[in-house]
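A.B. asks: Here you go, one structure.
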């Protein structure tokens, strides 16, 4: 029994050191804000306010990554968006559709849960949205839309990305809070990407949100 306890203590110590080193150089855990209704709506259905996630910071975020960056308008807040444009890129957004350097980003299929609901950030009323899978730079991720969002001229925007910057796009195309609002962001400020959800807002027993990769 003594040897077993000693072995368990050694294992715990080694794991503690490994986790400590990983936190210093590669990952950290973080709770997604839930006090800003505009931000919360913008990253649905990929995330929900109150989720506990892991952030990767050992390597710079790549095209298509979901990143966390300081809010350019408020140093005490953050923005969350997907890198859809890098220096020299031309990003065109019309409704739910994105075109990068003249090439359309396509929806591939419906999500496992084809519909989801959230609170409208302006009215507070519950709104039902459609969820589908979009592929951007080889990264397949969930996207939220509304019926009629893709009509001509809906939320139209065209931007060219300057050197040293990235253009962020919200996964929720109906309620975006992204570079169309605050402009392109310095790449150096976006050091961390969101890659794993430990538990969801509802806690450990929310099986659908527990231990899930974020793409």
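The values are calculated or read from the model by the stated rules, or taken from the named source; none is laboratory data. Computed from a predicted model, the values in this text were never measured in an experiment. All Cβ positions, glycine included, derive from the backbone under ideal geometry; neighbour counts span all protein chains shown.
A.B. asks: Evaluate the range 113-120: report whether one residue or more is closer than 26 Å to residue 198 by Cα and under 14 Å from the mean Cα position of the chain (by Cα).
C.D. replies: no
A.B. asks: Let me confirm something: among 152, 87, which residue is farther than 23 Å from residue 37 by Cα, modelled with pLDDT under 95 and not in a strand (DSSP E or B)?
C.D. replies: Exactly one residue qualifies, and that residue is 152.
A.B. asks: Of the numbered conditions (1) out of contact with any strand residue (DSSP E or B) (no Cβ under 7 Å at 6 or more places or on another chain); (2) at pLDDT 95 or above, residue 60 satisfies every one except a single condition; which is it?
C.D. replies: For residue 60, the exception is condition (2).
A.B. asks: Name the residue, out of 97, 159, that is over 16 Å from residue 48 (Cα atoms), touching a helix residue (DSSP H, G or I) at 6+ places or on another chain (Cβ under 8 Å) and buried (at least 16 other Cβ atoms within 10 Å of the Cβ).
C.D. replies: 159
A.B. asks: Taking the stated definitions as given, is residue 140 assigned by TED's automatic domain parsing to the domain that holds residue 38 and surrounded by 16 or more Cβ atoms within 10 Å (Cβ to Cβ)?
C.D. replies: no
A.B. asks: State all residues of the range 90-110 that are assigned to a loop (DSSP other than H, G, I, E, B), out of contact with any strand residue (DSSP E or B) (no Cβ under 7 Å at 6 or more places or on another chain) and touching a residue at least 24 places away in the same chain (Cβ under 8 Å); if no residue qualifies, say none.
C.D. replies: 95
A.B. asks: Then there is this: Determine whether the range 12-28 contains at least one residue that is in contact with a strand residue (DSSP E or B) (Cβ under 6 Å, 6 or more places away or on another chain) and either outside any helix (DSSP H, G or I) or at pLDDT 95 or above (or both).
C.D. replies: yes
A.B. asks: Let me ask something additional. Where residues in the range 116-126 are part of a strand (DSSP E or B) and in contact with a helix residue (DSSP H, G or I) (Cβ under 9 Å, 6 or more places away or on another chain), which of them is surrounded by the most Cβ atoms within 10 Å (Cβ to Cβ)?
C.D. replies: 118
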